[in-house]
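Coordinate-derived values only; no laboratory data. Nothing here was measured: the structure is a model prediction, and the numbers come from that model. Note that we place each Cβ from the backbone using ideal geometry, even for glycine, and neighbour counts take in every protein chain shown.
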Amino acid sequence: MSCRFDLDHYHEILDAARVGGYHFKPFGEGPERGDLFLRHDIDLSLDAALRMAELEAELGVLATYLLMTESVFYNLASSEGAAAIARLRELGHAVGLHAVYPTVEFDDRFDPVVSWHNPEAEYMSEKVSGAVNVYADPYFAPPTYRSDSNQHWRSGCPHEELRGGGFPWLQILVHPEIWVYPGATMAQTMRAMLEAENARRLEQLAADGIHLD
Ligand SMILES: [Zn+2]
Ligand SMILES: [Zn+2]
């Protein structure tokens, strides 16, 4: 099995988790043996989040999507943002807040779950009152945490250990953008995302009555 960052291998990782006997859980429960907390921090693209969410729903997988209210890449308050949250809910996923420290403002769009965007070590694991901080006890410890940051698994792709039941439980951070858009490197993948974004912007302009040809 080759550990590409694409939806085929993502599907294989989810299958491996199922074979290993893991159960997909929302933050707020556990962690108990066999729990898998599948977390998506949405930094760049709601479209990528929705593609991944649809695949997971087809496979009966529950994930937690953490969305930004302060992103420079997407507007959660737009009709597009509202539709994205509605669809994630409809598919049965949890929706929390991907916050820029120190601002944590929950409203009824979010479950009380927070992850920090680009956190610094000194505050990362502080308790957040009234909410689960995914970087704090009891959910965060290096042996039971894997992240795909910038198309690089710091401790290796987890598919083999998942298949073999090697983790007592696991929190796994997956950024949809780097799996949904094609590319063998982070640079290629980001260029593919920008091309898709350009096409989306042209459609938005057309919807606003602005045609370029
Ligand atoms: Zn793999
Ligand atoms: Zn982030």
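Here are some notes:
- Candidates L91, L194, L38, ranked by Gaussian network fluctuation over the chain, Cα under 10 Å, top entry: L194
- Loop-located trypsin sites (Lys or Arg not before Pro) in segment 123-191 (DSSP state not H, G, I, E or B) with no more than 15 neighbouring Cβ atoms inside 10 Å: K127, R154.
- Less than 5 angstrom separates the built amide H of G96 from those of Y65, L66, L67, D111, all sequence-distant by 5 or more or on a different chain.
- 5 Å binning of all Cα-Cα separations within segment 1-66, expressed as whole percents from 0 upward: 4, 15, 25, 25, 20, 9, 2
- Cα pair distances exceeding 26 angstrom across the chain, given as percent: 34
- The equivalent ellipsoid that matches the C-alpha gyration tensor of segment 13-103 spans semi-axes of 25, 15, 10 angstrom, in descending order.
- Segment 83-123 and segment 45-64: distance between their alpha carbon centers, rounded to Å: 16
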